Amino acid sequence: MNGLTTSTHPHRPPALRVENLHTVYRNGAQETSVVRGVSFDVHSGEIVGLVGESGSGKSTVLKSLLDLIGENGQARADVLEVAGQDVRSLPRAEYRRMRGVELAFISQDPANAFNPAWTIGSQFRRVLKRHFPGMSRRELDAWAVELLGAVGIDGRGKLDSYPFQFSQGQLQRIMIALACASERLQVLLADEPTTSLDVTIEAQVLQLIRRLRDERGLAVVLVTHNLAVVAEMCDRVLVMYAGRIVEDAPVRDLFRNPQHPYTRQLLKSIPAFPRDGRRLHTMTGAVPDLSIDVAGCAFAPRCEERISGLCDTIRPVLPPRTERATARAACHVVSGAVPAASGGEGDG
Amino acid sequence: MSRLIVFRTLFAVPVLFLISVISFGMLRAAPGDPAVLQAGAGASPEAIEAARKQLRLDDSLVEQYFAWFAAVVRGDLGNSYTSGLPVTELIGARLPATVQLSLFALVLIIGIGVPLGVTSALHRNRPYDQLVRVVSLIGISVPNFVIGILLILIFGWWVTGVLPFQGYVPLHENAWENVRHLILPATALAIPEMGLVARLTRSSMLEVLGQEYISSARALGIAERTVIWKDALRNALMPVVTIVGVVTGFLLGGSVVVESVFGIPGLGRLLVESFATRDYPVTIGVMMFIAITFVVINIVVDVLYGVINPRIRLSTRRGAR
């Protein structure tokens, strides 16, 4: 049912709402601002893609939401709501207890996502024990087999096997089963869940995530740099650049009519299949140094359409969301601003 | 698992054989004549010659070695030149003190070193971590006999009467006094190794805490305490087990210097005493005992690896790799 879900549900609160998320890493005196005011929401049954180059801060957004950034990092947000609950008002330990219950996480590296020292069964048991406190060991094992069956793995007799005895694709499916074991789960955060898998297995795993969304109405945030995956999976796409969201668009609009020059360049960088004989577009330059905060648009130095005197001095802002779910981009060119000595914020 | 043990035991036989040949040869190459020492100072050349005959020192080295080897295979390590007592009996008499001392030190090394390393890793780069790192570095750098002498100075001169700093009381005579007498020597033995274990645990723990499965366990909502003391520590202990194995070997071999400093009748002192009198059977007996201890501990460490890391256990069970 991909594409039928629209991105605005005026009568239901979003399953995940983030307002003005900032994440900073400190290394001695050096501060690196990796996420710089990211706001978005995800509704139940919606898959939102978070795309961008390596270093754009997309994975850090997920880690911040899960309180998984290390001790040298710090995340803060004006609003952070999970399952309709303002988690900022909760004690930290309480919020951490929501992990694995209301919101779950799938990493990009299934081979290292399991503790190598323990059997799959014991890793299931200790997670399931949290969700079903009264269950006996036998019941827990039976439930684990059930969950494994739901992701297409025959778990009978395999609970005593160790992670290294499974393939990458199997492990990713097992991780999904484990992460989604909570019946109260509402938000699934997936960090490039198929990067380490080959294409046929990738399709299986993506299908599984979509099925979970359909059957259980999960709100899914899918971090990826693979635009094919975005086209296949997402309802809505957030394009990140240098720690900020530069474009927010329904998936069809994004591919048919990309707004932000960065998005357009990204799309031009996808190889055509079958080959069209044209030279593949290569973006010039590199992701900017995040320890420096520039005054203008972070993409301006690499932008082919920049308006000098404007883009390099005044930062474009992402326009606020409207009732109609249309594409919006943080760009002076898109918003039709003209260079001026005293230009406005350019969000009209 | 049992396959692993059998394999390693078979492998140990040539190792022990080599060790025996080398130590036998080196012992005989060392200057000093047991016959002279046996006959006593100022003995006549005839008496020395008689002693040499009696000790069969006139036979060729190869003959002597095989005579010794044939006896060892039957479980007979020979008799001491000086006391005439069987070597096995001498080792047996000295073993309890060394074993007790080693175990005591081992408990300190693991019981203090590992928690120090873990907590240090958890407070990385904060004052507590820096303190632990500096203190453990000092511990590693100072030889155990220096620490022993310092402890004797403290408890024998400055705060007398708190702890005994000399001698050994057998366990069956007085358990309380036995433990009290072991506190200082065990501490002296333990401190350098404790520092080593703490530093190793710290770095290993930091490495494991950066692993994906730790984030993944946290994201699954596993309690932080469980994540650290179960998920992380178990995997972080792999290199620590290796070092503790080596340390245990050294401890059980008898700490020559610490035993001397604290006047403990252990294996280490037996080794030194026997060598001073060129009491060949005792010296080589103790050396072989230490060699066997090392071999056994290495097998135990390998088995422990399998317990900690299922990958090793399962691959040896299948006989692959």
Test set (1) touching a residue at least 40 places away in the same chain (Cβ under 8 Å); (2) more than 14 Å from chain B (Cβ to nearest Cβ) - A:GLU146 fails condition number: (1)
B:LEU95, sole failed condition from (1) touching a helix residue (DSSP H, G or I) at 6+ places or on another chain (Cβ under 7 Å); (2) open to solvent by 70 Å² or more (accessible area, probe 1.4 Å); (3) more than 30 Å from B:VAL227 (Cβ to Cβ): (2)
Residue list for segment B:108-140, restricted to those being free of Cβ contacts under 8 Å to residues at least 40 places away in the same chain and either small (Gly, Ala, Ser) or open to solvent by 40 Å² or more (accessible area, probe 1.4 Å) (or both): B:GLY111, B:PRO115, B:HIS123, B:ASN125, B:ARG126, B:PRO127, B:TYR128, B:GLN130, B:LEU131, B:VAL134
Subset tally (residues that are free of Cβ contacts under 8 Å to residues at least 60 places away in the same chain and either of a type outside the set (A, V, I, L, M, F, W, C) or not in a strand (DSSP E or B) (or both)) for segment A:12-22: 3
Sole residue being away from chain B (no Cβ under 14 Å) and open to solvent by 30 Å² or more (accessible area, probe 1.4 Å), chosen from A:ARG216, A:ARG126, A:ARG130: A:ARG216
Residues of segment B:227-257 satisfying the condition of being touching a Pro at 6+ places or on another chain (Cβ under 9 Å) and at pLDDT below 90: B:SER255, B:VAL257
Selection from segment B:210-225 of residues that are more than 8 Å from chain A (Cβ to nearest Cβ) and open to solvent by 10 Å² or more (accessible area, probe 1.4 Å): B:GLY210, B:ALA223, B:ARG225
Matching residues, segment B:280-301, being open to solvent by 20 Å² or more (accessible area, probe 1.4 Å), aromatic (Phe, Trp, Tyr) and farther than 21 Å from B:VAL241 by Cβ: B:PHE289
Residue count for segment B:73-89, restricted to those that are hydrophobic (A, V, I, L, M, F, W, C) and surrounded by fewer than 17 Cβ atoms within 10 Å (Cβ to Cβ): 2
Residue satisfying condition, being closer than 20 Å to A:TYR241 by Cβ, away from chain B (no Cβ under 14 Å), part of a loop (DSSP other than H, G, I, E, B) and not hydrophobic (A, V, I, L, M, F, W, C), within set A:SER56, A:SER44, A:SER33: A:SER56
Residue list for segment B:10-52, restricted to those being touching a residue at least 24 places away in the same chain (Cβ under 8 Å) and either open to solvent by 70 Å² or more (accessible area, probe 1.4 Å) or closer than 22 Å to B:GLY84 by Cβ (or both): B:PHE24, B:LEU27, B:ARG28, B:GLY32, B:ASP33, B:PRO34, B:LEU37, B:GLN38
Residues of segment B:34-57 satisfying the condition of being farther than 21 Å from B:GLY285 by Cα and in contact with a Lys or Arg (Cβ under 9 Å, 6 or more places away or on another chain): B:VAL36, B:ALA39
Tally of residues being open to solvent by less than 10 Å² (accessible area, probe 1.4 Å), polar (S, T, N, Q) and more than 11 Å from chain B (Cβ to nearest Cβ) across segment A:172-188: 1
Hey, A:GLY100 closer than 15 Å to A:LEU222 by Cα, small (Gly, Ala, Ser) and surrounded by 18 or more Cβ atoms within 10 Å (Cβ to Cβ) or not: no
Verdict on B:ARG234 being open to solvent by 60 Å² or more (accessible area, probe 1.4 Å) and either more than 30 Å from B:GLU207 (Cα to Cα) or charged (D, E, K, R) (or both): yes
Extreme residue, modelled with the lowest pLDDT, among residues of segment A:313-332 that are polar (S, T, N, Q) and farther than 18 Å from A:MET240 by Cα: A:THR322
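The rows are residues; the columns are (1) at the interface with chain B (Cβ under 9 Å from one of its Cβ atoms); (2) touching a Pro at 6+ places or on another chain (Cβ under 7 Å); (3) open to solvent by less than 30 Å² (accessible area, probe 1.4 Å).
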site	(1), (2), (3)
A:LEU68	yes, no, yes
A:ALA75	no, no, no
A:ASP78	no, no, no
A:GLY84	no, yes, no
A:VAL87	no, no, yes
A:LEU90	no, no, no
A:ARG96	yes, no, no
A:ALA104	yes, no, yes
A:THR119	yes, no, yes
Residue ID - nearest to the other protein chains (Cβ to nearest Cβ), chosen from residues in segment B:257-279 that are open to solvent by 50 Å² or more (accessible area, probe 1.4 Å) and assigned to a helix (DSSP H, G or I): B:VAL257
Test: residue in segment A:158-171 that is aromatic (Phe, Trp, Tyr), in a loop (DSSP other than H, G, I, E, B), more than 10 Å from chain B (Cβ to nearest Cβ) and open to solvent by less than 50 Å² (accessible area, probe 1.4 Å): yes
Lone qualifier among B:GLU207, B:GLU193 - being in a helix (DSSP H, G or I) and within 14 Å of chain A (Cβ to nearest Cβ): B:GLU207
Members of segment A:239-278 that are open to solvent by 40 Å² or more (accessible area, probe 1.4 Å) and either modelled with pLDDT of 90 or more or basic (Lys, Arg) (or both): A:ARG244, A:ARG252, A:ASP253, A:PHE255, A:ARG256, A:ASN257, A:GLN259, A:ARG264, A:LYS268, A:ARG275, A:ARG278
Flag for B:VAL169 being out of contact with any Lys or Arg (no Cβ under 7 Å at 6 or more places or on another chain), open to solvent by less than 40 Å² (accessible area, probe 1.4 Å), part of a loop (DSSP other than H, G, I, E, B) and more than 14 Å from chain A (Cβ to nearest Cβ): yes
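The values are calculated or read from the model by the stated rules, or taken from the named source; none is laboratory data. Please read these numbers as outputs of a predicted model, since none were measured by experiment. Every residue, glycine among them, receives a Cβ derived from its backbone with ideal geometry; neighbour counts consider all protein chains shown. Ligands, DNA and RNA are stripped out before the accessible areas are found, and what is left, the full protein with its side chains, is counted by its heavy atoms. Shrake-Rupley method; radii C 1.70, N 1.55, O 1.52, S 1.80 Å.
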